[in-house]
Amino acid sequence: MSLGAVGAFLLVLIVVFVIGNLWFHFVESLLERIKHLLTSRRDPPAWHPLPPDEEKSRDE
Amino acid sequence: MGFFSKFFKGPEVDMEKSNANAKKMRLLFNQVVENGDSYRLIFGYTEDVARFNYGFVHGSKTKIGNLIVGWNESMQTIVVVPMVPDLSGCGDPTYYRRSEILKAYRNKYPTDAFIIYPDKKGYIGINAYDWLEDESLYVYVSQEEELAAFTDFFMNQFATK
């Protein structure tokens, strides 16, 4: 196999990888939007932050 | 000799960081659980693995949820509080009282998670280890002794089979 053929094969692999990634993120974003539309009316779950003075010492 | 022994020793736990995180876990837990000091704590996590097939792209996604797991031997109760790896906050607690749950056991495969079925509709699988180094996914805490105590409690007092 010539060096050019190996390079072309690698190029095809890279193109497949990039298109696959783009397709994955496209479908994921669509599903995320649909999920957001269906769940946006629900109340967000309760969240209790760490007490402020502890937050300060965490940043130091 | 000194160089190689250091090289092959592997990663070491930063106990200062671990103790600070354990303290924060306690603060968060006590904030949402009544009489929180009567519970012993460990860090645990859940794993949600979902398969996807988007045409020519398919694989699996894993979501990890961090938990503060508290247990009280005299009350035969396990409390699970969801939180985030940076310990900036936590959610509402869920109580699993032995007298109320459907079943509890320790899994063998694929992981040795602690499984609790509160009813027939769902279950929680709690994974826990002595120490997990990846701070972006897990809480940095060393808990060898506490994990051994929790395992003993779960296997000998809480498990139903």
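What follows is calculated from the coordinates using simple rules that are stated; it is not laboratory data. Remember, predicted model here, so these are calculated numbers, not experimental data. Positions of Cβ are backbone-derived with ideal geometry, glycine not excepted, and every protein chain shown enters the neighbour counts.
At a glance:
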quantity: For B:Ser38, net neighbour charge (Lys/Arg +1, Asp/Glu -1) across residues whose Cβ lies under 13 Å away; calculated: -1
quantity: q = 0.15, 0.18 Å⁻¹, chain B: log10 I(q)/I(0) [Debye, one scatterer per Cα]; calculated: -0.85, -1.14
quantity: Virtual spin-label span in nm between B:Lys61 and B:Met155, 7 Å along Cα→Cβ; calculated: 3.7
quantity: For chain B, with +1 on Lys and Arg beta carbons and -1 on Asp and Glu, the positive-most of B:Tyr54, B:Asn72, B:Met15 along the dipole; calculated: B:Tyr54
quantity: Nearest-20 debye value, the protein assembly as shown charge dipole, Cβ charges on Lys, Arg, Asp, Glu; calculated: 1040
quantity: For q = 0.09, 0.12, 0.18 Å⁻¹, Debye-computed log10 I/I(0) when each Cα of the protein assembly as shown counts as one equal scatterer; calculated: -0.53, -0.83, -1.32
quantity: Karplus-derived HN-Hα couplings along the stretch B:123-136 (A = 6.51, B = -1.76, C = 1.60, θ = phi - 60°), whole Hz, x at Gly and Pro; calculated: 8, 10, x, 9, 9, 8, 9, 4, 6, 10, 7, 6, 6, 6
quantity: Within the stretch B:1-133: Cβ-based charge dipole about Cα centre, in debye rounded to nearest 20 (Lys, Arg +1; Asp, Glu -1); calculated: 360
quantity: Cross-link partners of B:Lys61 among aspartates and glutamates (Cα-Cα below 19 Å; sequence separation of 8 or more within a chain); calculated: A:Glu28, A:Glu32, B:Glu47, B:Asp48, B:Asp134
quantity: Amide H contacts of B:Lys103 (H built 1.01 Å from N, under 5 Å, at least 5 apart or other chain); calculated: B:Tyr117
quantity: Sites B:Tyr117 and B:Ser38, calculated FRET efficiency, Cβ-Cβ separation with R0 22 Å, nearest 0.05; calculated: 0.35
quantity: Fluctuation leader among B:Val81, B:Val13, B:Val141 - chain B, Gaussian network, Cα springs under 10 angstrom; calculated: B:Val13
quantity: Computed over chain B: relative contact order in percent, which uses C-alpha pairs under 8 Å that are six or more apart; calculated: 21
quantity: Vicinal HN-Hα couplings computed from phi for the stretch B:103-111 (Karplus, 6.51 cos²θ - 1.76 cosθ + 1.60; Hz; Gly/Pro x); calculated: 7, 8, 7, 9, 6, 10, 9, x, 10
quantity: Residues of type lysines that B:Lys120 reaches as a straight line, Cα spacing below 22 Å, ignoring anything fewer than 8 places off in the same chain; calculated: B:Lys103, B:Lys108, B:Lys161
quantity: Tilt relative to chain A, helix A:3-39 - C-alpha long axis, 0 to 90 degrees, to 10; calculated: 30
quantity: Listed residues A:Leu13, B:Val141, B:Gly89: farthest to the positive end of the dipole of the protein assembly as shown (Cβ charges); calculated: A:Leu13
quantity: B:Met75-B:Asp48 FRET efficiency (beta carbon distance; Förster radius 35 Å; 0.05 resolution); calculated: 0.75
quantity: 24 Å Cα-Cα reach of B:Lys9 towards lysines, excluding residues that sit fewer than 8 places from it in its own chain; calculated: B:Lys17
quantity: Amide N of the stretch B:19-63 lying under 19 Å from the label point, which is placed 7 angstrom from the Cα of B:Asp134 along Cα→Cβ; calculated: B:43-52, B:59-63
